[in-house]
1. Please pick out the residue among B:Q37, B:Q54, B:Q6 that is part of a strand (DSSP E or B) and over 21 Å from A:I103 (Cα atoms).
2. Residues to consider are A:L33, A:L47; find the one that is touching a Ser or Thr at 6+ places or on another chain (Cβ under 6 Å), in contact (Cβ under 8 Å) with a residue 24 or more places away in the chain and under 20 Å from B:A104 (Cβ atoms).
3. Test A:L56 against the stated conditions and say whether it is aliphatic (A, V, I, L, M), within 22 Å of B:F106 (Cα to Cα) and at pLDDT 95 or above.
4. Within region B:25-42, restricting attention to residues that are more than 19 Å from B:T5 (Cα to Cα) and within 11 Å of another protein chain (Cβ to nearest Cβ), which residue is surrounded by the fewest Cβ atoms within 10 Å (Cβ to Cβ)?
5. Are any residues in region B:81-115 within 9 Å of chain A (Cβ to nearest Cβ) and among the aliphatic types (A, V, I, L, M), and if so, which ones?
6. Go through region A:83-114 and report how many residues are free of Cβ contacts under 8 Å to residues at least 60 places away in the same chain, in contact with a Gly (Cβ under 7 Å, 6 or more places away or on another chain) and more than 11 Å from chain B (Cβ to nearest Cβ).
7. Looking at this structure, is A:E8 in contact with a Ser or Thr (Cβ under 8 Å, 6 or more places away or on another chain) and acidic (D, E)?
Amino acid sequence: AQSVAQPEDQVNVAEGNPLTVKCTYSVSGNPYLFWYVQYPNRGLQFLLKYITGDNLVKGSYGFEAEFNKSQTSFHLKKPSALVSDSALYFCAVRDMNSNYQLIWGAGTKLIIKP
Amino acid sequence: KAGVTQTPRYLIKTRGQQVTLSCSPISGHRSVSWYQQTPGQGLQFLFEYFSETQRNKGNFPGRFSGRQFSNSRSEMNVSTLELGDSALYLCASSLDVAVLNTEAFFGQGTRLTVV
């Protein structure tokens, strides 16, 4: 079965430090992977996607993600965290077996402390 | 280019009532998906409409239904509301989910509270 896992419910990082939010996936075939961010009482905003090509994908707000096929991971990263990065982050993958719907991870709450 | 618009933003209903939520997708987008988001269950897929046809459905009871109009606007309806239906309902639009490399754009959601 296709699935996405975000192993950490919450990640705490000090402002200015690098951050990583983890995502692993299980799909048949080539993965189409996405990261979204959600601020309180708001909808989800698209950050970046991996379709094919370069394993390092750059996205909005200084975020990037590293695709690792052998580890079936797609971790979200940022070199220097800002307090304003505090939000809920979701990883998703296209489900080729279910009319291409997105399968979502449970979300990771990112807290950046000043 | 206008984003995805969901109305209303907030709604309070009584158990047993029914509710209709509306979603206007980005112009040119033909696919509209609906999600329920709760603190305990995360994002749960409700259904997806494409060109006025329900193309996929999640594991929700028949009390949850939807439709899509010829202008791609979509509505979802929940009948006989239960306390557990209290959630943030999110609508996402995309050109077509079958275009695998296209991302979805979300509205701000409708916060439904059932009392």
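The values are calculated or read from the model by the stated rules, or taken from the named source; none is laboratory data. As the structure is a prediction and not an experimental result, all values here were calculated from the model. Virtual Cβ from ideal backbone geometry, glycine too; neighbours counted across all protein chains shown.
1. B:Q6
2. Checking each option against the conditions leaves just A:L47.
3. For A:L56, the condition - aliphatic (A, V, I, L, M), within 22 Å of B:F106 (Cα to Cα) and at pLDDT 95 or above - is not met.
4. The residue in question is B:G40.
5. Scanning region B:81-115 gives B:L88, B:L90, B:A92, B:V97, B:A98, B:V99, B:L100, B:A104.
6. Total meeting the criteria: 0.
7. yes
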